[in-house]
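Engineer: Dumping the structure here so I can ask a few things about it.
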Amino acid sequence: MKYYLVGGAVRDKLLNWPVVDKDWVVVGASLPEMKTLGFTQVGKGFPVFLHPETKDEYALARTEVKTKPGYTGFDFDASSSVTLEEDLLRRDLTINAMAQTDEGGIIDPYDGQGDIDKRLLRHVSPAFSEDPLRVLRVARFAARFAHLGFAVADETMELMAKIADSGELDYLVKERVWQEIERALEEKDPSVFIATLRDCNALKFILPEVDNLFGVPQPEKYHPEIDTGVHILMCMEAVAKLSNDPVVRYATLVHDVGKAVTPRSNWPHHYDHEKLGLSLQAGITKRLRVPNEFSDIARLVCEHHTKLHRLKGLRAKTVLSLLEALDAFRRPGRVGKFLLACEADVKGRTGFEEGDYPQKALLNAACAAASSIDAGALLKQEEAKNIKPAEFIRQHRLAAVEKVLVEFAAND
């Protein structure tokens, strides 16, 4: 029985990247032996165990045979005769198919170190195509390591395109698809994830609402980049500099999906794309089971982002209505997320990448002023007795917002 550190931990050590999780492969052992040693088996599928002390994951070396569509359609052999090289052969990328001995030696049968030097994300074997989830995984790794100069190997991109065209992506469990999307949104360059999926024709199966934006024109006066899909990629680059929050990044990704379904006769203008986008977002949420926090902020950004862009020209009543739509007085955290996504929308345009966004300071000031109203003290006033409490409080919030707008206009 031998233990080997494998996968991401080995890769990240070689890249001088922080090692977060450690996974181990056990060669020459059986399931009963692992239990005898105090390991706890987890899950009902592959023979994976938790170490009795460290709680690291230890998996028996295994081989796999594809038996049906989807990423779960495998039979596996985890007998004690399976070698380390056979186990590594079934992994996705060469940089993830290395192992390390207890003495620190690197076992690298498929030249993962060479591909690290070449900055290549390259599949280990043709078996890569048996697991369609790997299309999303590779795109996610591309988003993680793009800033280090990594790119997907041409032959791997071709294989990913074949998987996309085969229809295998339709068999993926939607929760797993969302899990990969959410993890990709947390990577350093989430725009690369979207661009990679599009380059291999997978985006139209994973997020067709976003894929449909490519080729849709916008007015050059406001969008010098013209193409809406390009705008979205630029927005993702902008939001990556503004926030690490995947909720904010998701809202940025889908805020303009309505532009794909506005009447073509009006293009490059997209009247009412805000409202048209809401039903498309709802479709994504239902299809991928997007968590409420993500879908709620995305909906608010979709519906109200253009209103925020025009904030300095709005009446106090409209500004207060916007704050109420954001539920700003009960859930103030929403305002910050909303503002970041809207700022990314403005900066995700050619020539506007480093521009200011004064609307953020203005809405924050209006929100702070309206929130500072002491509702309890107000309702004790004599004049409050003849007015509904909610309306009385709203009148004072409105006055506070009006004062902020006047002050900002005077200093503009």
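Read-outs: derived from the displayed coordinates by stated rules, not from any lab. Computed from a predicted model, the values in this text were never measured in an experiment. Note: ideal-geometry Cβ built from the backbone for every residue, glycine included; neighbour counts use all protein chains shown.
Engineer: Could you order the peptides 6-13, 114-121 from most to least packed, using the average number of other C-beta atoms within 10 Å per residue?
Structural biologist: On the way: 6-13: 20.8, 114-121: 16.9.
With the highest mean Cβ count within 10 Å placed first, the list reads 6-13, 114-121.
Engineer: Hey, any idea what the orientation-averaged projected area of the convex hull of region 1-110's Cα atoms comes to, in nm²? Don't skip to the answer; put the middle values down first.
Structural biologist: Working: hull surface 29.2 nm².
Averaged projected hull area, Cα only: 7.3 nm².
Engineer: Quick one: ASP131, ASP272, fewest Cβ neighbours within 10 Å first, how do they rank? Write out the running numbers ahead of the final one.
Structural biologist: Numbers: ASP131 21, ASP272 12.
Starting with the residue having the fewest Cβ neighbours, the order is ASP272, ASP131.
Engineer: Under a Cβ-Cβ cut-off of 15 Å, what is the net charge of the residues other than GLY38 that fall near it, where Lys and Arg count +1 and Asp and Glu count -1? List each step's numbers first, then the result.
Structural biologist: Numbers: positive: LYS35, LYS55; negative: GLU33, GLU53, ASP56, GLU57.
Local net charge: -2.
Engineer: Moving on to the next point. Nearest 20 debye, what's the magnitude of the dipole of region 320-372 about its Cα centre given +1 on Lys and Arg Cβ and -1 on Asp and Glu Cβ? Intermediate results must be reported in sequence, preceding the final value.
Structural biologist: Working: 7 positive and 7 negative charges, 49 e Å.
Computed charge dipole of region 320-372: roughly 240 debye.
Engineer: Suppose we keep just the DSSP beta bridges with both residues in the chain; what percent of those would be antiparallel, to 5? Don't skip to the answer; put the middle values down first.
Structural biologist: Working: 20 of 26 bridges.
Percent antiparallel among DSSP bridges in the chain is about 75.
Engineer: Taking the Cα centre of each part, how many Å lie between region 158-194 and region 335-382?
Structural biologist: 34 Å
Engineer: Here is a further query. Picking from ALA260, ALA361, ALA184, which is most flexible by a Gaussian network model of the chain using Cα springs under 10 Å?
Structural biologist: Most flexible of the set in this elastic network: ALA361.
Engineer: Follow-up. From the square roots a ≥ b ≥ c of the eigenvalues of the alpha-carbon gyration tensor of region 264-398, which class results: rounded (a/c under 1.5), prolate (a/b over b/c), or oblate? Numbers along the way, then the final one.
Structural biologist: Numbers: a/c = 2.17, a/b = 1.71, b/c = 1.27.
Here region 264-398 falls in the prolate category.
Engineer: Determine the calculated [θ] at 222 nm for the chain from helices alone, applying -39500 (n - 2.57) to every DSSP H run no shorter than 4 residues and normalising by the residue count; nearest 500 deg cm²/dmol.
Structural biologist: Calculated at 222 nm, the ellipticity per residue is -15000 deg cm²/dmol.
Engineer: Between VAL192, VAL346, VAL173, which gets the highest mean-square fluctuation from a Gaussian network model of the chain, Cα cutoff 10 Å?
Structural biologist: Comparing VAL192, VAL346, VAL173 in the GNM, the peak value goes to VAL173.
Engineer: What are the aspartates and glutamates whose alpha-carbon lies under 20 Å from the alpha-carbon of LYS317, with same-chain residues fewer than 8 places away excluded?
Structural biologist: Those aspartates and glutamates meeting the cut-off are GLU303, ASP327, ASP374, GLU391, GLU402, GLU407.
Engineer: Below 14 angstrom from the Cβ of GLU209, what's the summed charge of the other residues (Lys, Arg +1; Asp, Glu -1)?
Structural biologist: Here the charged neighbours net out to +4.
Engineer: Oh, and also: With springs connecting C-alpha atoms under 10 Å apart, model the chain as a Gaussian network and identify which of HIS396, HIS304, HIS270 has the largest mean-square fluctuation.
Structural biologist: It is HIS396.
Engineer: Cα to Cα, under 27 Å, and not fewer than 8 places away if on the same chain: which lysines meet these conditions relative to LYS312?
Structural biologist: The qualifying lysines are LYS221, LYS241, LYS259, LYS275, LYS337, LYS347, LYS360, LYS403.
Engineer: Further, regarding this structure: Which FRET efficiency value, to the nearest 0.05, do you get for ALA399 and ASP356 by plugging their Cβ-Cβ distance into 1/(1 + (r/R0)^6) with R0 = 35 Å?
Structural biologist: Values: r = 28 Å, r/R0 = 0.80.
The calculated FRET efficiency here is 0.80.
Engineer: Here's another thing I want to ask about it. Apply the a/c threshold of 1.5 to the C-alpha gyration tensor of region 94-150 and tell me whether it is rounded, prolate or oblate.
Structural biologist: oblate
Engineer: Given H placed 1.01 Å from N in the peptide plane, which residues other than close sequence neighbours of THR40 have an amide H under 5 Å from its amide H?
Structural biologist: Those qualifying (amide H under 5 Å, at least 5 residues apart or on another chain) are LEU50.
Engineer: Karplus couplings for region 323-339 from phi (6.51 cos²θ - 1.76 cosθ + 1.60, θ = phi - 60°), rounded to Hz, Gly and Pro as x?
Structural biologist: 4, 5, 5, 7, 6, 5, 7, 9, 10, x, x, 5, 4, x, 5, 4, 5
Engineer: Also, I was wondering about something else. If Rh is defined by the Kirkwood formula over all Cα pairs and Rg also comes from Cα, what ratio Rg/Rh do you get for the chain?
Structural biologist: Details: Rg = 26.2 Å, Rh = 24.3 Å.
The Rg/Rh ratio comes out at 1.08.
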